[in-house]
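Participant: Quick one: structure below, then a few questions.
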Amino acid sequence: FFYTDEPRDQEAFNNIKASYDLFKEYVPSDYAFYVNLNPMELFSNDLDLYKEYIASYVDTVDPRFISYDFYAPLGYTPNIKRQYYIQLTTISEFANERKLPFWAFALATGHSFSGGSFYRAPTEEDIYWQVNTVLAYGAKGLQYFCYQTPAPADAGGKEFYVGKGGSIVNEKGEKTEIFDYIKNINQYVASIDHLLMNSTKIGVLNKEDMPAAYLFEEAKESIREVSSLESNNNVFVSVFDYKGKTLYYCVNNSITDDATFSLNFTKQVNAKIYPMDLNIRNEKIKTYQDTLKPGRAVLLEIL
């Protein structure tokens, strides 16, 4: 049940708490009470203020999950908001600490806002990159903004609209290219969600001299079965604990270039490999090598 979007202060949190208490009294527990929180931009990217905001909401309301929005594909390809990983890391670490699932949004709609800036209609690479990065940071829910084009596709001749419209469906309810992109990534998520929904992120593999090293947390060069990650490309690998076993979620962090990498294991392991083409397979490997197209990912489950 949707209650409100982007509450801003303690007074709003108190009102949400009162309503949520009534909700829990009268509505069965298998229904969710939904509130979506603000991004850090609302707080001028002040991390201390933003962490205080999230903590105050959770301490007051005691929700079953937290949801937030932060849209990265700003302007022309390949521009991405530089605060993206600060936002994602902050939410991910807070959710891990509080043992709360977090839900994240992916931008599915090109639209303009004040000052002449605009979010582009996402490319296929933009969609895959957004979903794969939030999943790699432990998101347990995916949301898309928004399903239907929020303005006429020809309004002002805006170049950030594509195909038949600027969202998953246009204002006439017709499918756009973005519909297919999201259908593809959702099918991939369906093949791995039994793993990700039951796992906890424990770290990130990266190297200081790799382009992806700007990720805003301390990255390691070896975790559990992996002794090293080799690549000169924009790759990072999130590591999850899955009921005592290890998952390696390998992501191409570029939306423009292919990325080749190798994961070297301390010994031969049995791995179940989940690529985005859904060609799921089991292999015995000492080294896993792959090339990922822009924004793509592959998940390895160590058996």
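Participant: Quick check: anything in region 91-101 buried (at least 21 other Cβ atoms within 10 Å of the Cβ) and within 23 Å of Asn252 (Cβ to Cβ)?
Facilitator: Looking through region 91-101, at least one residue is buried (at least 21 other Cβ atoms within 10 Å of the Cβ) and within 23 Å of Asn252 (Cβ to Cβ).
Participant: Name the strands (runs of 3 or more DSSP E) wholly within region 21-114 that hold at least 2 residues that are within 21 Å of Ser199 (Cβ to Cβ) and hydroxyl-bearing (Ser, Thr, Tyr)?
Facilitator: Here the list reads 66-68.
Participant: Would you mind stating whether Lys24 is on the phi > 0 side of the Ramachandran plot and open to solvent by 80 Å² or more (accessible area, probe 1.4 Å)?
Facilitator: So Lys24 fails the test.
Participant: Tell me, please, whether a residue that is open to solvent by 50 Å² or more (accessible area, probe 1.4 Å) and within 30 Å of Asp62 (Cβ to Cβ) can be found in region 116-130.
Facilitator: no
Participant: Continuing with this model, one more query. Among the residues of region 1-20, which ones are open to solvent by 60 Å² or more (accessible area, probe 1.4 Å) and assigned to a strand (DSSP E or B)?
Facilitator: Hits for region 1-20 are Phe2, Tyr3, Asp5.
Participant: Looking only at region 224-247, count every residue that is assigned to a strand (DSSP E or B) and within 24 Å of Ala139 (Cβ to Cβ) and tell me the total.
Facilitator: Taking region 224-247 and keeping what is assigned to a strand (DSSP E or B), we get 226-230, 235-242, 245-247.
Right, trim to within 24 Å of Ala139 (Cβ to Cβ) and you get 226, 229, 235-242, 245-247.
Summing the residues that are assigned to a strand (DSSP E or B) and within 24 Å of Ala139 (Cβ to Cβ) in region 224-247 gives 13.
Participant: Scan region 208-215 and tell me whether some residue there is open to solvent by less than 10 Å² (accessible area, probe 1.4 Å) and modelled with pLDDT of 90 or more.
Facilitator: Taking every residue of region 208-215 in turn, none turns out to be open to solvent by less than 10 Å² (accessible area, probe 1.4 Å) and modelled with pLDDT of 90 or more.
Participant: Something else: For region 252-277, give me each residue that is more than 19 Å from Ser228 (Cβ to Cβ), modelled with pLDDT of 95 or more and touching a Phe, Trp or Tyr at 6+ places or on another chain (Cβ under 7 Å).
Facilitator: Met276
The values are calculated or read from the model by the stated rules, or taken from the named source; none is laboratory data. For clarity, every value in this text was computed on a predicted model and none was experimentally measured. FYI the Cβ positions are ideal-geometry reconstructions off the backbone, even for glycines, and counts take in every protein chain you see. These accessible areas exclude ligands, DNA and RNA; they are computed on the full protein's heavy atoms, side chains included. Shrake-Rupley method; radii C 1.70, N 1.55, O 1.52, S 1.80 Å.
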